[in-house]
Every structure is written in structure tokens, then in C-alpha cells.
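J.: Sending over a structure as C-alpha cells; questions will come in a sec.
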């Protein structure tokens, strides 16, 4: 932990308007996360956990309040700037992996590097490295639908990590995995955390929460 | 990066073979049509450009005054060219033409065992010796400076030289022309290029005409309008200045200056082919209108194909939301996604390009036939064109792919994560609009096809004011002995069974007529009329109605004349019988009108009926024998006629034509046009249906779950079919409503070209509506029925 504040949420509200009715998902959320922290967000279904994660990851916009990411006011950023931040600083891991079905494992890993316009030789090296690190070298030419759930998740994590982001956001990363695969995934997160990556995960599982530094509980859109 | 995109594009294609096929098929057809039209337009625009001096060559045409029935004409008096050249310093050179057709050419010496060759030839053109100074035709043999200097010298084209002389050298040899005139061959010229309005088989020296007098017409008169005249102006000469001066000069020299000389204009050579409204007898004719129409059609068809692509792409966009969301998450920005998707459509269009080129190869012969212009791709020499077509294809791909790409690139990843598949309903409005557009265009094309077909049928059956069935016409050409012994010939034919009547005439309906001027005393001007030389049987053979007075008989024909109703009206004669008209041949004098005949069509129905005056054929010239035959055993009758013919004219091939065929030939251009239209309509509809099929498939897929639920709740199969088809039907109805006024307007404009035309009735619109409706329903129902029949268990399983 470096003491640098990476994520600063102040008086964040999120609502949906349907004609005249406002449905609140997040109410007055205040949160600070330092660089290098491993934070878990927990709460029952419908509490707004995923929404909070999306807002942190700049995938969704808050309805009111202020959000600063690395001291930059997020709501004032252009789409271009935002995608720069995505490219360079944030990696996403999802419950349903979200790999591109038309691409092989190798190509899926390569894709974020392509968008960062990394040179061909460098790309090759990075992908080879990552494949090795995650132990999936033998699968590199297979398509996602040829892999098991656990393997797909591994690839998902590998893809999130290949650009060495500062922040990893994980939404129920072990939701579709069995116990053993889940453990392996969390061990990988632990290792990344030790290397200095900030991790924010959303999960139901108490077992997963143990790996983190602190737990934030969300109930009905408010932090408890 | 690009390789990544290409890989995905191809894998996408492989996974969605059905939709890819629809897209490629539609695009290929659209591109093929565009390519053919582009090639056609390029050819049409390059006619006459090969002349070095093309920018400075002009043709003189006369513009009619209001009172006459004549049209703009390129036919000039022979004195005009030299006169203008002498008086106007801007004129560098002039060339006059005289076109002779149906002349008998005979070689003099025997060529090996075959004996002398003889054929009737067309396009035997007499020209001034300045011909090669003005035009860039290639003289292969012969000395340019002397080749047309002497009278009775002639130049053969290469093919004609081969036809008459094989491999022998024709230079210096002689041929016989028509009645026995002897010409010397002084040169050989390359065959006329196809892209030339001037076409000829033989070029002969104009000086010859001082001796040969075609058809007894007075050569030194200003009344003879038979010589197209071209002028070559010096660089820097202004057209309007030259025109004004020329008109002054003409008025000065034109005899009887108190009578207005017609107005004259100079037509640039480059504009003759496409824009000239002058008579078309002496040049091949094109039309800027056809270019315009075909280009529009090509664009429309391509547009329809692109719309297909857009519709299918946007409809199926929901399948790719996942990929798009993920890409955005891993850092793609909007423009990178844009390029990916546009790239996919470009790849598709490149594939379509190759199919289109192949299709063009396959269809270029047929297409060339229809448009009467050689159209095709010369793979060895025409690389620039292939490149242009390729770039055109890429542009099409980018154009068609832009909107779907923009739509796709805008997806928000968060929508993906929340499993909102946005574009089902979104974009549906535009899709519906596009379908309406496609079917509106198809509706217009179908409407046009029906109208065109109707007009052509109408023309064929219209009352022409004469009977064209059962009339055989024998052209009697120059020097044919039948001319001298016409009366005896006629008598002999009359004896053949099943021949009802025989007539000797100077012209028959459908053939060209000679026009002369008649002075109109009250207005002190001239009307122009067509002259017919007839005998006592002519009116009866063609069953032309006699409205007033008496017909030609053996007794009165020496002094009689007949006029048609239009003539009487133009001259303002309420009671023409007994009045006198001047014969066109001044030496003959006046004739007395004995009767008035009803107007009849002797030209195509493009033309209004003109004034006609008929005189005794013996005062004019015999060119045709018209025979009315009974239609039983036509073969036998023709054989008998041939026997008699061979007696009289053993050296002359027996030729004949049927009058109704001759009338049909007027409309060959329209027939071709109708063919083209049918073809394009079919294509447009085909592509539209492809698109509709794709959309229907997609809709059926999307609503599979809904259909499953409805069936479980008790809906019948027909009920479900009706449900889905109803939505499409609404669109088709809107399309038809739009296409009706547009089609009506367009067709009215086309019909204006005909002096005699149909009215576009309500039934035509009803028919069009029905056709479009049936086609749309048929297309949609196939997929719909399949979806409706599916087992709900299957569709609800993947919940």
C-alpha cells in the first residue's frame, strides 16, 4: 500500500428513471480506496454491488456526486480519455468470462495489446509470457468453446492482467467455477496483490473475502 | 491489427453462411449492373472522340419554322458548303456527304472461277476530297492527296475489299455501279470504328455526282436538301459569331429572298451522337436520355443491395454486442471498432467484386445485344478500368458498412454486462424505412414494365388508317429491268392465283419518302409534304379510306393528284376537289386534286402524321411493287412471284418484305428498351426479396421464444403466420402508396415521346399492387411458416 488514493467516491448516487418513478440503486456512497489495497464488496442480491463496480470501472455513469480516479474527475472525461484509462490502468474479470468466441486463446490475449498498439515482437513476448505464467501454453490455439469453465476463467484473468493494469475489478470471479478452480483463481489474485496490483472484487463467497484486506458491506444501496 | 480484423471477418463469414450468401449475392448483382452501365456509358461518351479535330468539327443543321412539319434536318443544298467556306474566314475546310443505299456493285473482271461478284450495298457515300483533312479515318492504301480527286474514284473499306477481291490487290481495279457507271478503286480505308456516328462501306468522290444525277433531282437548285455538310473551323473561332455570319450569307444568296429561309445552326460533332434532334437517317443514333435512365437504374439497384446489407447488419447487430462490449473493455476506442466493422463490409464487397467481374464477363454479350453497343472488359488492355471498378466497389463497401459500423461501435459495454441486447427494437424504424424504399423502387419498376408493355401492344394494334396484313412489298432497285417494264410485270403478277391486287409505287408506308415544299399563297410561305407516286390500285391495296371526291383511275391519273386530310387542313382548303397543286418536278406542271384520303400512318407512331400528296407514279419513279395476297398458302404465292421476277430480272436477287414486319421494326428500339426494363425490374425485385428474406429469417429467429409461448397459450399456426406477416404487409402497402404517384409521373414523361399513346388506367396500378404484394408475402411466408410450425418445446428449451 502506498497511501496514494486511487479511487475516491463522494456522495455517489445512482438511480433509474422510469416515467415518473425513480428507482435508487446507490444512495450517498462515500468510499476511498488506496493504491495496492485488496478490497471486497459484499452484500445480498440487488444491493447494488455490481453497479458500484461498474461505476468504479467507468462503465456506467453515476447520477449524482463526484468520482475521482487517480485525482482526475471522471465525470468530466471524454470517451476517448476514458478508453485510454481502460487500456492502460484497468483490467476486468467477469463471472461469465466474456471471451471473444471467434478468437483463439492466443488471439484473445493478444487483443488488448493490439489496441494499445504494441509492436509485434513485444506482443509475442508478452503473450508467451502470460501463457506460461498461467500454465495454459498448450491451449493457445484452441477456441473458448473448446475449454472448460475453469480454463476460460483463467484466460479471462490472464487477459485482464496481460497489460499489467494498476487496478483489477472482478465481478463474482469464481461464480461459475468449482471449489478447486475457485481457489486457484483467488491464489492468482493474491499473487497479483503481492506484486502491487490494486484489486476490488465483488462476491458472495465468504471464502473469497478472506483473501482481501478489507470488506465493504452494501445494503440497499448504502454502505453499512 | 488488420490481420486480426481479417481473421475475424472470415470466421464471421464462415459461421453465418446463409446471411453472407444473401449479402454477397445482392452486392454482386448490384455491382454487376453498375459495372455494365459504367462500361456502357463510357463507350457512349467516347463516340466520335477519335478524330484529331473533333473539337472543331461542326455539322450544319436547319431549324424548322413553325408552320412546317419538318424536323431539324442535317440535309443541306450542295451549294451551301463551298459558299460558306468562301465567304467566312473562320472556316478552314468543309466536307459534303451524299448517302446512297441499295446500290448494285459489280466487279468487272472475273475473279478466278467464281466469275464477277455482285451485291446490293448500303452506305455508299460520296464525299468531298477534303474528307481526310477533316476526319481521322485511316487510309490503309492509297495516296491521301489524290485518292478522292477524280470523279468516279472509290475507296473500299477493308472488309468490303476482302469480300469482293479476296486476297488480291483491288487498287486500280474497276467496279460497276448501279446502272453501269464505272468506278476506279483508288484506296483502301480501315473499317469504321464502332464508336463513330459516321459509318460507310465505300467512299467515292463527290465530283462524280455532276455526272450521275440521283433520282432525277435537279442538282443546281436550292430546293435540293440531300447533302449533310460538315465544317472544320480554325482554332479560336467563336461558334455564335460563325453561325450569325453564316445565316447572313445564306439569306443573301438564297433565291426569292422575300420568303424566309429556314434558320441554321452548327452542331458540334461531339454532341451529335447523344444530343442531336436531327433526323437519324444518315448517322447512328444514341441518346443522352438512355444514359440518364440507365445510370439512374444502376444506382437504384446498387442502393437496394446496400440497403439489404445495412438492414441485415443492423438487425443482427445484437449478436455481436458481447464481442463489442469486451473489446471496449480491453481498450478499443470507437474509431478502432469503426474500422473493424467497415473493414468487414469492405471484405464482403471485395468478394462480391470478383463475382461481379465474372458475371459481367458472362452477360456482356447479351447486354451488348440489347443496347446495340459493344460492352465488355478487355482484361489485357483495360487495367485502369478494372482498377476504377475496384475502387468503386471499395467505396460501396465503405458506404454500405458505415451506418451499421457506427451503430455497432456505439454499444455501451455496460449494456452487455446487464444483458441488454439493445438493437432489437432500436434501429427498427430505419430498417422499416429502408424496406419501404426497396419495395417502392421495385413497385415503380414493375409499374413501368407494365406500362411499357401496354404501350408497345397498343402501338402494334393501333388502327393505322391502313391495312398492313397480307401485303408483300418488292423493292425494285436501281437499274432493275422491272422498272422499265413495270406495267407488264404488274399484269403478269395479277394473273397469279391468290393475288388480289398489284400496285406500282414510288414509296410505300414504312419506307422513306421524299419531301418537297409547296407554296402557300395566303401566308406566302411553304409547307413541306411527303410525295407518293401511285397507280390506280394503291389506295385499294392498303385500304386507305377516301373521304372526298374520286380516286385515281386509269382515265384521270395523268392529270390527277390526291391529298390527305392533313394537307387539306394545312392549306386551309375546305373543298380541295378541283383545286390545283404544283408537281414537285417543275417540268411536269400542275395537277388537279380529284380526291381527299383519310390520314394514315406511314411512319412510326413517334411521329405525327404529315401532309401527303399523291401523284401518278409515271411522273416520278418506280421503286416498289406492292402485292396484296390472300393468306392461304403464302409460300406458293411467293414462289410464283419469284418465277415471274426471274423472268424479268434474272440478274437481280428476288427480295421482298411483309408490311407488318416493316412496321414492327420501327419499334425495335422500344422492344429492346422494354427487354432491358424487364431485366432490371426482375433484378431489383430479386435483390429486394433477398433482403426481405434475410430480415424475415432474422425476425423469425428473434421471435422464436415468443412464438413458442403463444403456441403453448393456444394460438393457431395460421394465427401466428398472420401475426408476423401483418407487420411486413404494412410496409409493403406504404411502399406501393409511395410508388404510385412517382411511377405515374415518370411513365407520363416517357409516353410523351409518342404522338399516339395509351392512358395509364387504374387497373395498371391495381395490377402492380397485387404483384408486389404477392411477391412480398411469398418471400416472407416461407420463413414464417417454418417458425410457426416449430415445436414450442424446442424453442422454449433454451431458457
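J.: Checking residue B:714 against (1) surrounded by 14 or more Cβ atoms within 10 Å (Cβ to Cβ); (2) outside any helix (DSSP H, G or I), which single condition isn't satisfied?
T.: Condition (1) is where residue B:714 drops out.
J.: Any residue at all in region B:609-630 that is within 24 Å of residue B:473 (Cβ to Cβ) and either more than 39 Å from the chain's Cα centre (by Cα) or exposed (fewer than 13 other Cβ atoms within 10 Å of the Cβ) (or both)?
T.: Yes: region B:609-630 contains one or more residues that are within 24 Å of residue B:473 (Cβ to Cβ) and either more than 39 Å from the chain's Cα centre (by Cα) or exposed (fewer than 13 other Cβ atoms within 10 Å of the Cβ) (or both).
J.: Also, quick follow-up: Does residue B:705 fit the bill of being over 20 Å from residue B:102 (Cβ atoms), surrounded by fewer than 18 Cβ atoms within 10 Å (Cβ to Cβ) and over 31 Å from the mean Cα position of the chain (by Cα)? Let's see the steps before the verdict.
T.: Details: over 20 Å from residue B:102 (Cβ atoms): yes; surrounded by fewer than 18 Cβ atoms within 10 Å (Cβ to Cβ): yes; over 31 Å from the mean Cα position of the chain (by Cα): yes.
It is true that residue B:705 is over 20 Å from residue B:102 (Cβ atoms), surrounded by fewer than 18 Cβ atoms within 10 Å (Cβ to Cβ) and over 31 Å from the mean Cα position of the chain (by Cα).
J.: While we're looking at this one, here's another question. With respect to residue A:119, is the statement that it is within 14 Å of chain B (Cβ to nearest Cβ), out of contact with any strand residue (DSSP E or B) (no Cβ under 9 Å at 6 or more places or on another chain) and over 19 Å from residue B:329 (Cβ atoms) true? Reasoning before the result, please.
T.: Values: within 14 Å of chain B (Cβ to nearest Cβ): yes; out of contact with any strand residue (DSSP E or B) (no Cβ under 9 Å at 6 or more places or on another chain): yes; over 19 Å from residue B:329 (Cβ atoms): yes.
Answer is yes for this residue.
J.: Looking at B:697, B:740, B:768, which is the one that is in a helix (DSSP H, G or I), touching a residue at least 40 places away in the same chain (Cβ under 8 Å) and surrounded by fewer than 19 Cβ atoms within 10 Å (Cβ to Cβ)?
T.: Working: B:697 fails: surrounded by fewer than 19 Cβ atoms within 10 Å (Cβ to Cβ); B:768 fails: surrounded by fewer than 19 Cβ atoms within 10 Å (Cβ to Cβ).
Exactly one of B:697, B:740, B:768 is in a helix (DSSP H, G or I), touching a residue at least 40 places away in the same chain (Cβ under 8 Å) and surrounded by fewer than 19 Cβ atoms within 10 Å (Cβ to Cβ), namely B:740.
J.: Turning to a different aspect of this structure: Since residue B:731 meets every condition but one in (1) modelled with pLDDT under 85; (2) assigned to a helix (DSSP H, G or I), which condition does it not meet?
T.: (1)
J.: Can you name the condition, by its number, that residue A:204 falls short on among (1) under 19 Å from residue A:96 (Cβ atoms); (2) surrounded by fewer than 16 Cβ atoms within 10 Å (Cβ to Cβ); (3) within 14 Å of chain B (Cβ to nearest Cβ)?
T.: Condition (3) is where residue A:204 drops out.
J.: Hey, could you check region A:89-115 for residues that are within 27 Å of residue A:11 (Cα to Cα) and either out of contact with any strand residue (DSSP E or B) (no Cβ under 8 Å at 6 or more places or on another chain) or more than 8 Å from chain B (Cβ to nearest Cβ) (or both) and say which is surrounded by the fewest Cβ atoms within 10 Å (Cβ to Cβ)? It would help to see each step written out before you state the result.
T.: Pass one, region A:89-115, residues within 27 Å of residue A:11 (Cα to Cα): A:89-94.
From what's left, either out of contact with any strand residue (DSSP E or B) (no Cβ under 8 Å at 6 or more places or on another chain) or more than 8 Å from chain B (Cβ to nearest Cβ) (or both): A:89-91, A:93.
Numbers: A:89: 16, A:90: 24, A:91: 28, A:93: 25.
Result: A:89.
J.: Given the options A:171, A:129, name the one that is over 25 Å from residue A:33 (Cα atoms) and at pLDDT 80 or above.
T.: Matching residue, one of A:171, A:129: A:129.
J.: Further question: Is it the case, given these coordinates, that residue B:195 is in contact with a helix residue (DSSP H, G or I) (Cβ under 9 Å, 6 or more places away or on another chain), crowded, with 17+ Cβ neighbours inside 10 Å, under 30 Å from residue B:53 (Cα atoms) and modelled with pLDDT under 90?
T.: Values: in contact with a helix residue (DSSP H, G or I) (Cβ under 9 Å, 6 or more places away or on another chain): yes; crowded, with 17+ Cβ neighbours inside 10 Å: yes; under 30 Å from residue B:53 (Cα atoms): yes; modelled with pLDDT under 90: yes.
So residue B:195 fits the description; yes.
J.: Let me spell it out: the conditions are (1) modelled with pLDDT under 90; (2) away from chain B (no Cβ under 14 Å), and residue A:160 meets all of them except one. Which number is the exception?
T.: (2)
J.: While we're looking at this one, here's another question. Pull out all pairs, ordered by first then second residue, where Cβ-Cβ is under 8 Å, the residues are six or more apart or on different chains, the first lies in region B:307-325 and is under 19 Å from residue B:17 (Cα atoms) and within 14 Å of chain A (Cβ to nearest Cβ), and the second is assigned to a helix (DSSP H, G or I) and modelled with pLDDT of 80 or more.
T.: Taking only residues 6 or more apart or on different chains, the pairs are B:320/B:408.
J.: Scan region A:19-57 for residues that are within 23 Å of residue A:196 (Cα to Cα), buried (at least 22 other Cβ atoms within 10 Å of the Cβ), in contact (Cβ under 8 Å) with a residue 12 or more places away in the chain and in contact with a helix residue (DSSP H, G or I) (Cβ under 7 Å, 6 or more places away or on another chain) and report the count.
T.: Final tally of qualifying residues: 2.
J.: Considering each residue of region A:58-85, count those that are away from chain B (no Cβ under 13 Å) and at positive phi, and give that number.
T.: Summing the residues that are away from chain B (no Cβ under 13 Å) and at positive phi in region A:58-85 gives 3.
J.: If you take the residues of region A:67-88 that are in contact with a strand residue (DSSP E or B) (Cβ under 9 Å, 6 or more places away or on another chain) and in a helix (DSSP H, G or I), which of them is nearest to residue A:114 (Cα to Cα)?
T.: A:86
J.: While we're on this one: Restricting attention to region A:4-15, does a residue exist that is within 12 Å of residue A:221 (Cβ to Cβ), in a strand (DSSP E or B), touching a strand residue (DSSP E or B) at 6+ places or on another chain (Cβ under 7 Å) and within 14 Å of chain B (Cβ to nearest Cβ)?
T.: Quick first cut of region A:4-15, residues within 12 Å of residue A:221 (Cβ to Cβ) only: A:12-15.
From what is left, the residues that are in a strand (DSSP E or B) are A:12-15.
Of the ones still in play, those that are also touching a strand residue (DSSP E or B) at 6+ places or on another chain (Cβ under 7 Å) are A:12-15.
Filter once more, so that each one left must be within 14 Å of chain B (Cβ to nearest Cβ): A:14.
Scanning region A:4-15 turns up at least one residue that is within 12 Å of residue A:221 (Cβ to Cβ), in a strand (DSSP E or B), touching a strand residue (DSSP E or B) at 6+ places or on another chain (Cβ under 7 Å) and within 14 Å of chain B (Cβ to nearest Cβ).
The values are calculated or read from the model by the stated rules, or taken from the named source; none is laboratory data. Given the structure is predicted, the values throughout are model-derived calculations rather than measurements. Reconstructed Cβ throughout: ideal geometry from the backbone, glycine too, with neighbour counts over all protein chains shown.
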